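The values are calculated or read from the model by the stated rules, or taken from the named source; none is laboratory data. If you're wondering where the values come from, they're calculated on a predicted model, not measured in any experiment. So basically every Cβ, Gly included, is an ideal-geometry build from the backbone, and we count neighbours across all protein chains shown. Side chains included, ligands, DNA and RNA excluded: accessible areas come from the protein's heavy atoms. Shrake-Rupley method; radii C 1.70, N 1.55, O 1.52, S 1.80 Å.
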Amino acid sequence: MSSRERILGRVRRALADVGQDDTPYEQAVPRDYLREHGERSVERTVDLLAENLAEYRAIVHRCAEDELAAVIGRLLAERGSKTVLVPAGLDEEWFAATDAERVPDRGESTPHELDRVDSVVTACAVAVAETGTIVLDGGPDQGRRRITLVPDHHICVVRVPEQVVSAVPQALERLDPARPLTWISGPSATSDIELDRVEGVHGPRSLEVVLVSGRPGAEATS
Amino acid sequence: MSGTFVGMPAFPKAAHDAVHNETLRGNLRHATHTIRAKRANAVAELSDWAELREAGKRIKDHTLRHLDRYLVQLEEAVTAAGGTVHWAADADEANRIVADLVKATGESEVVKVKSMATQEIGLNEALEAEGIRAYETDLAELIVQLGKDRPSHILVPAIHRNRGEIRDIFRKEMSEWGRPAPEGLTDTPAELAEAARLHLREKFLRAKVGISGANFMIAETGTLVVVESEGNGRMCLTLPETLISVVGIEKILPTWRDLEVFLQTLPRSSTAERMNPYTSMWTGTSDGGAEAGDGPRHFHLVLLDNGRTDTLADEVGRQALRCIRCSACLNVCPVYERAGGHAYGSVYPGPIGAILSPQLRGTASDIDASLPYASSLCGACYEVCPVAIDIPEVLVHLRERVVEGGPVTREGNKVVLQPAKGHAAERAAMRAARWAFTHPGVLRSGQRLASRTRRLHPRTLPGPGQAWSGSRDLPAVPAEPFRDWWQRTNGGKTEKGTSK
Ligand code: SF4
């Protein structure tokens, strides 16, 4: 007998006392918990995202669409970044105000090569206000998971309010489980040494989130 | 080294030693009290906590009731997404599968994400015996591994070490395993973390094989989920070419939507955060949407039984399989706080360890027979558990099993357990009872909740303690409710006889 058959057989015998139950799953579990906590205006939801991100020591910036290139340029300059990783699908315009050398996200780049890059800039898939979380789904403007992991400085651009939801249940609805997903709440952190929080053991030690509003032409395309 | 607890003394002996280790007790007290207070705030933020807890309990119970169906569904989904599923009936089989998979890659070292399941089966030691070196990459696990130590807490495995000890371990041991500690390393947490970063980065960047567990597996989609803080999980799940995940069969959730419950309750219950810094989800091997793949090209899922189906066969005890390993019950347990994680002699310490280990392993050994007694039945563990496992109920049930014997399932077969009278288990239990009575704080903090757990609170000690308590009255149950006492004494801290 294979271990598969053995384990499944054991499970069935272990459940011999459990009566037949054909309740469809959708009805088996009460879902009377909330979809979000409290009622907030759209502006307030975005503010809450900013507050919660900052509480977990991400650095939050806010700007309008036409200021984005300047903000990205400034953040890279302040950091002294000479090289920046860029996912294939990012808008060229975002890098109009920086001299940093652009390193494309390529499948053949080795981890050592990624380790030598100073910063990475990405978009995101969705952001969760109540938890201060940004979610990346490997889309063309976010790139492979490893590019937001190995470099020490990550700049993530969130479109507000379109990409912001209040709570975790709403975020899951927007995501596709078939994609590789990374949920990020603040920079890498550990509390393993006497519970003192220390930023960055393995992931980027600096996370800067740019909340950008006022997408030009948004009305026209939506 | 982590993983093996063979030869551990029974709980009372180990606890007795731990109680007299002042450093350990001081570190533990600081840690458990800090997390406990923070957790209460994080939970209070969600007005629907009770509903989330009930939903979590029901989801898990439903899954366990139909576990065969969901296991098959998960297997199909993982396979369809490009992964390979293996089934392991016990620890030896799981270790053999993993060792063979690693050997097939031609590699002799692997990087590991902290995982209870791989500790439970002693994977590191098994790999070592096959000439494969497994590097723990979680900071605390690194401290434990370098210190040739055992983890003492589910979530903060090196909770029993203070910064000075950690610095000494790094200075002495890092060079044995790879990049040495920097010259003049001090004991500030930031410097220690930096030393670990450099030491481990060297390993991540060259690793070809990663090994992980998983917090959740989604039957519907074949998605695996790992929840973590440091990014070492992301490193191991993303950079290597081959990823092997060893996961207990009880970790299934039926649908993608179910994550909405657990991604809210797990972080708040464990680290007291609204959300942990990183959560990774992957489904089979991934194309990632780009021309070349994103993440490992080969993915193997090892589904682990190792006593879980035996636990499932126990109508009272099976609820332990709902556990999502948040460790909230450890942080509120007055016995754990004083005895420390090592005393439980298993990778699962604290209240959950006291009910899970004797079910997974059976109660044949002294340590396993004494574990159901490693509790004051105060009920605090049940109160905080985000999936509402009635730990006191299972403890009493297991005590009865140890003492009176009866039918149990071992390795899939029904066997009748002999009563332990006059046997090792009885002696162990007696020593546990005596240990509790000579540490009045432990007993008292338990007794105070008696009004809330009356049905579980015997006038005499259950089981083998009966003879002993027959001629002695247990201390009277005070009128003051537990919550009041807790407030008044700051969780037993200021109570005379409970502080060290
Ligand atoms: S038993 Fe409950 S409280 Fe304890 S670790 Fe498991 S889920 Fe958390």
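Which residues, taken from the stretch B:350-364, are touching a residue at least 12 places away in the same chain (Cβ under 8 Å) and of a type in the set (Gly, Ala, Ser)?
Result: B:GLY350, B:GLY353, B:ALA354, B:SER357, B:GLY362.
Starting from residues that are within 20 Å of B:LEU253 (Cα to Cα) and more than 7 Å from every other protein chain (Cβ to nearest Cβ), keep the ones in the stretch A:21-39 and report whichever is surrounded by the most Cβ atoms within 10 Å (Cβ to Cβ).
The selected residue is A:ARG35.
On the given criteria, is B:GLY26 at positive phi and more than 7 Å from every other protein chain (Cβ to nearest Cβ)?
The answer is no for B:GLY26.
When the stretch A:152-164 is examined, which residues are found to be surrounded by fewer than 24 Cβ atoms within 10 Å (Cβ to Cβ) and in contact (Cβ under 8 Å) with a residue 60 or more places away in the chain?
A:HIS153, A:VAL160, A:PRO161, A:VAL164
(1) crowded, with 23+ Cβ neighbours inside 10 Å; (2) outside any loop (DSSP other than H, G, I, E, B); (3) more than 11 Å from every other protein chain (Cβ to nearest Cβ): which one isn't true of A:ILE147, the others all being true?
All conditions are met except number (3).
I need a count of the residues in the stretch A:118-144 that are in a strand (DSSP E or B) and under 30 Å from B:GLU45 (Cβ atoms).
Of the residues in the stretch A:118-144, 8 are in a strand (DSSP E or B) and under 30 Å from B:GLU45 (Cβ atoms).
Regarding A:LEU175, is this residue touching a strand residue (DSSP E or B) at 6+ places or on another chain (Cβ under 7 Å), of a type outside the set (Lys, Arg) and surrounded by fewer than 19 Cβ atoms within 10 Å (Cβ to Cβ)?
On the way: touching a strand residue (DSSP E or B) at 6+ places or on another chain (Cβ under 7 Å): yes; of a type outside the set (Lys, Arg): yes; surrounded by fewer than 19 Cβ atoms within 10 Å (Cβ to Cβ): yes.
Yes: the conditions hold for A:LEU175.
Among the candidates B:ILE154, B:ILE159, single out the residue that is crowded, with 24+ Cβ neighbours inside 10 Å, modelled with pLDDT under 90 and under 23 Å from B:MET235 (Cα atoms). Step through it out loud before you land on a result.
Details: B:ILE159 fails: under 23 Å from B:MET235 (Cα atoms).
One residue alone meets the criteria, B:ILE154.
Quick one: which of B:SER346, B:SER357 is small (Gly, Ala, Ser), over 20 Å from B:SER245 (Cβ atoms) and in a helix (DSSP H, G or I)?
Just a single option satisfies the conditions, and that option is B:SER357.
Which of the residues that make up the stretch B:262-281 are within 7 Å of another protein chain (Cβ to nearest Cβ) and of a type in the set (A, V, I, L, M)?
B:LEU263, B:MET275, B:MET281 - these are the residues of the stretch B:262-281 that are within 7 Å of another protein chain (Cβ to nearest Cβ) and of a type in the set (A, V, I, L, M).
Which pairs turn up if I take residues in the stretch A:24-41 that are outside any loop (DSSP other than H, G, I, E, B) and look for partners that are not charged (D, E, K, R) with beta carbon separation below 8 Å, at least 6 apart in sequence or on another chain?
As it stands, the answer is A:TYR25/B:HIS62; A:TYR25/B:PRO254; A:TYR25/B:THR255; A:ALA28/B:HIS62, since those pairs meet every condition given.
Which one is farthest from B:ARG69 (Cα to Cα), of the residues in the stretch B:224-247 that are more than 9 Å from every other protein chain (Cβ to nearest Cβ), buried (at least 24 other Cβ atoms within 10 Å of the Cβ) and touching a Lys or Arg at 6+ places or on another chain (Cβ under 7 Å)?
B:PRO240
Return the residue satisfying two criteria in turn: it lies in the stretch B:365-390 and is of a type in the set (D, E, K, R) and away from the ligand (no atom under 14 Å from the Cβ), and of such residues it is nearest to the other protein chains (Cβ to nearest Cβ).
Narrowing the stretch B:365-390 to residues of a type in the set (D, E, K, R): B:366, B:368, B:383, B:390.
When the remaining residues are screened for being away from the ligand (no atom under 14 Å from the Cβ), the result is B:366, B:368.
Numbers: B:ASP366: 27, B:ASP368: 20 Å.
Selected residue: B:ASP368.
Which pairs turn up if I take residues in the stretch A:111-131 that are closer than 20 Å to A:ASN52 by Cβ and look for partners that are open to solvent by 10 Å² or more (accessible area, probe 1.4 Å) and part of a helix (DSSP H, G or I) with beta carbon separation below 6 Å, at least 6 apart in sequence or on another chain?
What qualifies is A:VAL126/A:ARG174; A:ALA129/A:THR45; A:ALA129/A:LEU48.
For the structure I just gave you, tell me whether A:ALA50 is more than 7 Å from every other protein chain (Cβ to nearest Cβ) and either modelled with pLDDT of 95 or more or out of contact with any helix residue (DSSP H, G or I) (no Cβ under 6 Å at 6 or more places or on another chain) (or both).
When the stated conditions are applied, A:ALA50 passes them.
Which of the residues spanning the stretch B:319-337 are more than 13 Å from the ligand (Cβ to nearest atom) and either within 21 Å of B:HIS397 (Cα to Cα) or surrounded by fewer than 24 Cβ atoms within 10 Å (Cβ to Cβ) (or both)? If you could, list the steps in order and put the result at the bottom.
The initial filter retains those residues of the stretch B:319-337 that are more than 13 Å from the ligand (Cβ to nearest atom), namely B:334-335, B:337.
Within the stretch B:319-337, B:PRO334, B:VAL335 qualify.
Across the stretch A:70-118, what is the total count of residues that are surrounded by fewer than 18 Cβ atoms within 10 Å (Cβ to Cβ), modelled with pLDDT of 95 or more and polar (S, T, N, Q)?
1
Against the definition (of a type in the set (S, T, N, Q), within 13 Å of the ligand (Cβ to nearest atom) and either within 14 Å of chain A (Cβ to nearest Cβ) or in contact with a Ser or Thr (Cβ under 7 Å, 6 or more places away or on another chain) (or both)), how does B:SER357 come out, yes or no?
Here the answer is yes, as B:SER357 does meet what is asked.
Test each condition in (1) in contact (Cβ under 8 Å) with a residue 60 or more places away in the chain; (2) of a type in the set (Gly, Ala, Ser); (3) within 11 Å of chain B (Cβ to nearest Cβ) for A:ALA64 and report the one that comes out false.
Of everything listed in (1) in contact (Cβ under 8 Å) with a residue 60 or more places away in the chain; (2) of a type in the set (Gly, Ala, Ser); (3) within 11 Å of chain B (Cβ to nearest Cβ), A:ALA64 misses just condition (3).
Kindly indicate whether any position in the stretch B:300-314 is within 13 Å of the ligand (Cβ to nearest atom), in contact (Cβ under 8 Å) with a residue 12 or more places away in the chain and more than 14 Å from chain A (Cβ to nearest Cβ).
no
Does B:VAL347 satisfy being more than 13 Å from the ligand (Cβ to nearest atom) and touching a residue at least 40 places away in the same chain (Cβ under 8 Å)?
no
Would you tally the residues in the stretch B:8-36 being at pLDDT 70 or above and open to solvent by less than 60 Å² (accessible area, probe 1.4 Å)?
Total satisfying the criteria: 15.
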